[in-house]
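Following: one structure in structure tokens, then a few remarks.
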Amino acid sequence: MKRLIAARRRLLVLGAVASVAIVAASVYGYGALADTSQSYSACLKNGVLSNVVIDGTGPAPVCPHSAVLIGWSQSGPQGPSGATGQTGQTGATGPAGSAVAYAHVGFDGTVDASRSKNITQAMVTHPQPGVYCFDNLGFTPKNVVATIGGIIGVGSGPSVPEVIADIPSFSICDTQAEVGMVDPSTGAFSRDASFYVAFN
């Protein structure tokens, strides 16, 4: 009698293992053909899948009696973030800029020598508010570009840098180049402002 009970238990265990193997094989078979971005629903009965439906494309499958509704997808849960990579090596120093000369000029006309190239204080004058003249440059400027800095002098109204490389006769500066801070609403020189200027 004991031998008969033990034999029946072994048969039950083997049957359960076989069912699990059939389910796994069935799911793998469908999953291998599936889009990794999709999920699926199906009915499972006695280790056999039926009524497979791609979720979102129709109603959920209606399972027959004693079948179980299951779902699966190929995409697993998101894994943990990887470790931070090592800091890259410092890149090589880039070539020098192509500007013939450049300068950082304070709102009072003072040249910041540490941030200037081929422009010295002797080359810059400040005859009136909002006007800066450049002379004795040692080269003929063909193009001048100015960008307003972060310090604005006293006064009111906006200041927009305007540059002149070929000084006309009516200009305030009788020099090689002029940078003026202009109020765009009036077209007149407005007030002092620091700026960056580049010559080519």
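The values are calculated or read from the model by the stated rules, or taken from the named source; none is laboratory data. Since the model is a prediction, treat every value here as computed from it, not as a measurement. With ideal geometry, Cβ positions are generated from the backbone for all residues, glycine too; neighbour counts draw on all protein chains shown.
Residue-wise test of (1) surrounded by 15 or more Cβ atoms within 10 Å (Cβ to Cβ); (2) outside the structural domain of Ile152 (by TED's automatic domain parsing); (3) farther than 30 Å from Val182 by Cβ; (4) modelled with pLDDT of 90 or more.
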residue	(1), (2), (3), (4)
Tyr28	no, yes, yes, no
Asp55	no, yes, yes, no
His65	no, yes, yes, no
Thr87	no, yes, yes, yes
Gly94	no, yes, yes, no
Ser116	yes, no, no, yes
Thr120	no, no, no, yes
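Annotation note: of Gly130, Gly88, the sole residue that is of a type in the set (Gly, Ala, Ser) and touching a residue at least 24 places away in the same chain (Cβ under 8 Å) is Gly130. Restricted to segment 98-113, and to residues there that are in contact with a strand residue (DSSP E or B) (Cβ under 8 Å, 6 or more places away or on another chain) and of a type in the set (Gly, Ala, Ser), the residue that is surrounded by the most Cβ atoms within 10 Å (Cβ to Cβ) is Ala103. Reported count of residues in segment 172-187, each being closer than 21 Å to Met123 by Cα and either surrounded by fewer than 15 Cβ atoms within 10 Å (Cβ to Cβ) or at pLDDT below 75 (or both), is 1.
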